[in-house]
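Taken together, the values in this text are just the output of simple stated rules run on the coordinates, not laboratory data. Just so it is clear, the structure is predicted and the values come from calculations on it, not from any experiment. Every residue, glycine among them, receives a Cβ derived from its backbone with ideal geometry; neighbour counts consider all protein chains shown.
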Amino acid sequence: MAESGLAMWPSLLLLLLLPGPPPVAGLEDAAFPHLGESLQPLPRACPLRCSCPRVDTVDCDGLDLRVFPDNITRAAQHLSLQNNQLQELPYNELSRLSGLRTLNLHNNLISSEALSGPSVSAPVPPCRGSGCQPSDGDLPPHLWGEAGTQVRVPPQQPAEQRWPAPRRLPRLRGHRHPQPLQQPAQLPAAQPAALTRAAPPAGSPANNLISKVPRGALSRQTQLRELYLQHNQLTDSGLDATTFSKLHSLEYLDLSHNQLTTVPAGLPRTLAILHLGRNRIRQVEAARLHGARGLRYLLLQHNQLGSSGLPAGALRPLRGLHTLHLYGNGLDRVPPALPRRLRALVLPHNHVAALGARDLVATPGLTELNLAYNRLASARVHHRAFRRLRALRSLDLAGNQLTRLPMGLPTGLRTLQLQRNQLRMLEPEPLAGLDQLRELSLAHNRLRVGDIGPGTWHELQALQMLDLSHNELSFVPPDLPEALEELHLEGNRIGHVGPEAFLSTPRLRALFLRANRLHMTSIAAEAFLGLPNLRVVDTAGNPEQVLIRLPPTTPRGPRAGGP
């Protein structure tokens, strides 16, 4: 029987290998795989060690790559090469990625000399189709695709602390708010034309060595909307009037942390945000800004403008300017003739020592004014300095030399910062009419309870946060505002909290008493009665641990059988 079974194998094998009868037309099962087919999709091409979560995305972040990866699909639109050790950008590889829209190169070792590709003087082939975009500069042509979106080229220094960006950035036509990028030593002369964004990820410096943007490097990037060139070595001679002139869609340009001494020429009229912080700019000329009439945010912090670098009329072309950052420029006065529609003026860490009656009359629409850490003294702040600022909502005068509250504060204020001055008294008159004020910081001054005049808090009907920390208070000030929810008294000399300390603040939610002179029984048991919303009482850092008994969250009913 076994022998007969073995004898049947050749015929069986023959049956398996012979082709079956031809299929009858119309009877094939389309869902069933045919010979040589598989139910599994074909694997997508992806460079070794990189990840390709989508057909249009190639992520090679942080792989210590020394050579530009091959096998990148032509369908790639987003290529991440940040945090590697690339020194060259091969022209042939990048030029074939015509649909590339985001290229991230921050934190590499790219220098001007290392940018490979055809000579920047070579003619640029004509761009055809709606996706074409221009390119100017020393970026090699291969850094730009044919759709033109964003390019990020990194610097080689660690990121530095910067003054906070504007609170409200304009909506960039559907784009998320721009983020800092990093750059190479020289912009590649030819980039994929499809790029719409050229920058590194949020918080990462450009970290390259770009010193020049070659002529024509950006001339085809007409769709480019965000360009990040911060943390490089760009100088005035590395840019010319044509560098950015063809970027007809550009809305965000970051040139911070370079070596520029003037505002670049040829800025496009579509530009909404221009970041020139931490350069060496000594003067702003109106002629350089004529093309950028649509500019909303101008960031000039940490330059060298001094007393004459922003003359009257320098910003006259920018009629729609919303925010002006001039942090750390050695200014000795508020710049004259600022744009009338300005909404936020940020001037901290300068040398402004006086505010005259007319210094702010040109900007009646201001909603935010920051003069923190200047040299303002009470005697040199005119009582009518703020009279035209009826729209002002936030005023920061922290870190000056004020000994009393300024007079004539705008009645629409919501936030008033006066910490780290030399205040020795509080009187009702300067706070009169501030019935919309919600936050008041008086921390780090020299206030004592006896220096707070009767009725000082009377008109602050909307005040929710009061910071009196690090003063010289010996007990909780009486008659605090009824709307108060957060009270900071830490770092004072308070040694006792009586049963009636918070009778005027029934909405109190958080109380900070740390680092005072409180002992175990310094707080009366009845002090927190009538405070149903109180959730936080901080008494750390006192000489002894303080016993705290919070009131019940719901009112207690009468005991059964009680009176």
Item to check | Cβ crowding within 10 Å averaged over residues, with 410-417, 535-542 ranked highest first | outcome: 410-417, 535-542
Next on the checklist: Charges on Cβ only, +1 for Lys and Arg, -1 for Asp and Glu, centred on the Cα centroid of region 392-506; of T456, L437, N471, which one is farthest towards the dipole's positive end?
Outcome noted: N471
Next on the checklist: Could you sort the peptides 58-67, 394-403 by per-residue average Cβ neighbour count (10 Å cutoff), highest mean leading?
Outcome noted: 394-403, 58-67
Item to check | Computed lengthening from A357 to H458, 0.36 nm per intervening residue step minus Cα-Cα distance | outcome: 33.6 nm
Checklist entry - Which order, highest average first, do 268-276, 228-236 follow once you tally other Cβ atoms within 10 Å for each residue and take the mean per peptide? => result 228-236, 268-276
Checklist outcome for this item: Rounded to the nearest Å, the spacing of the alpha-carbon centers of region 484-540 and region 69-113 is 59
